[in-house]
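All remarks here apply to the structure that follows.
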Amino acid sequence: MRAVLIQFRKDADMCKQEYDCYLRFSGLQKNELAAVRARKDGLKETIFDEADAILLGSTGRGCIVKEDGTFLEACKNILRLARSRHIPMLGIN
C-alpha cells in the first residue's frame, strides 16, 4: 500500500511531527507514506499517480476556509480529482 499525506500546516517542524505521528499510528513504513506540503509544494495531479489512499493532515490552529480563495480552490479541485479516481480519503483533525 502507498498512501499520500497532504499537509496543510505552515510550520515545517509541525509537518515533520505530523508525518511521524501518521507513521507511528498507521503502521505504514516510510516507503509507503509520501508527504506533500500543499502550501510549499503545491497540489499537482501527479501526487495520485501511485496512491492507494489519501490522508489529509490537520491545519493546526488555522482554518483552511479562511485561506486565500485560490489556495482553497486548488485544495477542493485536487480532492475532487481524487474522488473521481475512486481513491479513498481520510481526514484527521
Result of the Cβ filter at 6 Å on region 15-31, keeping first residues that are closer than 15 Å to S58 by Cα and small (G, A, S) and partners that are open to solvent by less than 60 Å² (accessible area, probe 1.4 Å) and modelled with pLDDT under 95, at least 6 apart or interchain, is none
Residue hits (region 42-60; of a type in the set (A, V, I, L, M, F, W, C) and not in a helix (DSSP H, G or I)) are L43, A51, A53, I54, L55, L56
Among residues of region 1-14 being loosely packed, with under 13 Cβ neighbours inside 10 Å and part of a helix (DSSP H, G or I), the residue farthest from the chain's Cα centre (by Cα) is D13
Just checking, does region 49-66 include any residue being out of contact with any Ser or Thr (no Cβ under 6 Å at 6 or more places or on another chain), open to solvent by 50 Å² or more (accessible area, probe 1.4 Å) and modelled with pLDDT of 85 or more?
yes
Note on region 15-41: residues assigned to a helix (DSSP H, G or I), touching a strand residue (DSSP E or B) at 6+ places or on another chain (Cβ under 9 Å) and not charged (D, E, K, R) are C15, Y19, Y22, L23, S26, A38
Going through (1) surrounded by fewer than 18 Cβ atoms within 10 Å (Cβ to Cβ); (2) modelled with pLDDT of 95 or more; (3) within 24 Å of N77 (Cα to Cα) one by one, L33 fails only at (1)
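The values are calculated or read from the model by the stated rules, or taken from the named source; none is laboratory data. Computed from a predicted structure; not experimentally measured. Note: ideal-geometry Cβ built from the backbone for every residue, glycine included; neighbour counts use all protein chains shown. These accessible areas exclude ligands, DNA and RNA; they are computed on the full protein's heavy atoms, side chains included. Shrake-Rupley method; radii C 1.70, N 1.55, O 1.52, S 1.80 Å.
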